[in-house]
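Taking it in order: structure first as structure tokens, then the write-up.
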Amino acid sequence: MDVEIAAMAGGGTTPTSRAGAPLMGGDSNAPDPLGFGLGGRAGVALYGIYAGVEGMYYVGDSGGSPYSASVNSDILGLDVGYGVTLSSVTIRLLVGTGNFTERVTASPAPGGAGGGGLAGSTGQSPSYNTLYLQPGITALFSLGTHYCVGADVNLLVLTSLPETFYSAANDLYSAFTFHGQVGARF
């Protein structure tokens, strides 16, 4: 049995809907809620089966015309998967699930598909939560007996978001995320 703890740094692409529209009503100037991120993970691997927790904070982006908006996001969830180790390399298929939170600060508040815009006026900072699913693949390279470095690539699927300024309420949005990892195994 291996216990793994790793720090992670990486990023994500702008989430888009099934129809290809980016968040914030399809505005190509809209800020990306992902961008660069920092976080970590911890888990247990036994006979190739892995179970763990993961948390990431994404600093997001600012921009958007005719309004000014700043967004950031984080994820907190559980990962399960199966890995195969050959020599000092472990290739692991994973599926993560948990809570995705996006925080928005906009001035003036943008209007949405329903014309409602963000609740309140200038300077409001609402946050939105949704379930995420994140299938992916991780490659870990052992450095000695207790250390490892690695990289992962994932498909982040956001299951529903409010109508406020998104192109459609309760639509699926997806993005690619990728991270480098440095950690320890015990």
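A few points about this structure:
- With every protein chain in place and a 1.4 angstrom probe, the accessible-area ranking of Arg185, Arg103, largest first, reads Arg103, Arg185.
- The largest accessible area among Val84, Val182, Val157 belongs to the first residue in Val182, Val84, Val157, and the rest follow in falling order (1.4 Å probe, all chains).
- Subtracting the Cα-Cα distance of Ser62 and Ile49 from 0.36 nm times their residue separation leaves 0.7 nm of extension gain.
- Taking every protein chain into account, the 1.4 Å probe leaves Val59 with about 80 Å² of accessible area, to the nearest ten.
The values are calculated or read from the model by the stated rules, or taken from the named source; none is laboratory data. Since the model is a prediction, treat every value here as computed from it, not as a measurement. Please note that ligands, DNA and RNA were not included when accessible areas were found on the heavy atoms of the full protein model with its side chains. Shrake-Rupley method; radii C 1.70, N 1.55, O 1.52, S 1.80 Å.
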